[in-house]
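The values are calculated or read from the model by the stated rules, or taken from the named source; none is laboratory data. Just so it is clear, the structure is predicted and the values come from calculations on it, not from any experiment. Cβ: placed from backbone, ideal geometry, glycine included. Neighbour counts: every protein chain shown.
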Amino acid sequence: MLEMGARGVGHIATLCEIASPTVGVLTRVEAVHRENFGSLEAVAQTKGEWSSRFRPPVSPCSNADDENVAAMATRTAARVLTYSAAGASADLTAAGRRARR
């Protein structure tokens, strides 16, 4: 397991060249990263570098609850698996589920 972090556009693409991911989960694009990127659009562009690295039969898994993440599906030729915790239409859902204790 490897978490990829970035401080600017192009960083995720470089890390993907080094690590060659075969599985991945993209969770959110959030404004908290704007201090390093300047805008939410730049954050989304950088995180999208990740999804463009996947080629069939490898599938990225993306959060259907985040519109910026969902939009990245067009950046790969691979089939994108989607997940949702909020009840969005997705391949995998957690709607109505409770954590086990």
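Would you mind stating whether residue 25 is aliphatic (A, V, I, L, M), in a strand (DSSP E or B) and within 14 Å of the chain's Cα centre (by Cα)?
Yes; evaluated as a whole, the condition is true for this residue.
Just to be sure before I move on: is residue 41 modelled with pLDDT of 85 or more, more than 20 Å from residue 15 (Cβ to Cβ), in a helix (DSSP H, G or I) and not small (Gly, Ala, Ser) in the structure I sent?
yes
Let me confirm something: among 13, 77, which residue is among the aliphatic types (A, V, I, L, M) and touching an Asp or Glu at 6+ places or on another chain (Cβ under 6 Å)?
That would be 13, the only listed residue that is among the aliphatic types (A, V, I, L, M) and touching an Asp or Glu at 6+ places or on another chain (Cβ under 6 Å).
Quick check on my filter: what residues within the range 52-73 are surrounded by fewer than 22 Cβ atoms within 10 Å (Cβ to Cβ), at pLDDT 85 or above and part of a loop (DSSP other than H, G, I, E, B)?
Of everything in the range 52-73, those that are surrounded by fewer than 22 Cβ atoms within 10 Å (Cβ to Cβ), at pLDDT 85 or above and part of a loop (DSSP other than H, G, I, E, B) turn out to be 65, 66.
Mind checking which residues of the range 74-93 are at pLDDT 80 or above and part of a loop (DSSP other than H, G, I, E, B)?
76, 77, 78, 79, 80, 85, 86, 89, 90, 91
Need pairs with beta-carbon distance below 7 Å; first residue under 12 Å from residue 48 (Cβ atoms) and within the range 2-14, second polar (S, T, N, Q); sequence gap 6+ or separate chains.
Here the result reads 6/46; 9/45; 9/46; 12/46, each pair linking the range 2-14 to a residue that is polar (S, T, N, Q).
Among the residues of the range 1-51, count how many are buried (at least 17 other Cβ atoms within 10 Å of the Cβ) and among the β-branched types (Val, Ile, Thr).
Qualifying residue count for the region: 4.
Of all residues in the range 1-22, which are part of a loop (DSSP other than H, G, I, E, B), under 19 Å from residue 59 (Cβ atoms) and aliphatic (A, V, I, L, M)?
Within the range 1-22, 1, 2, 4 qualify.
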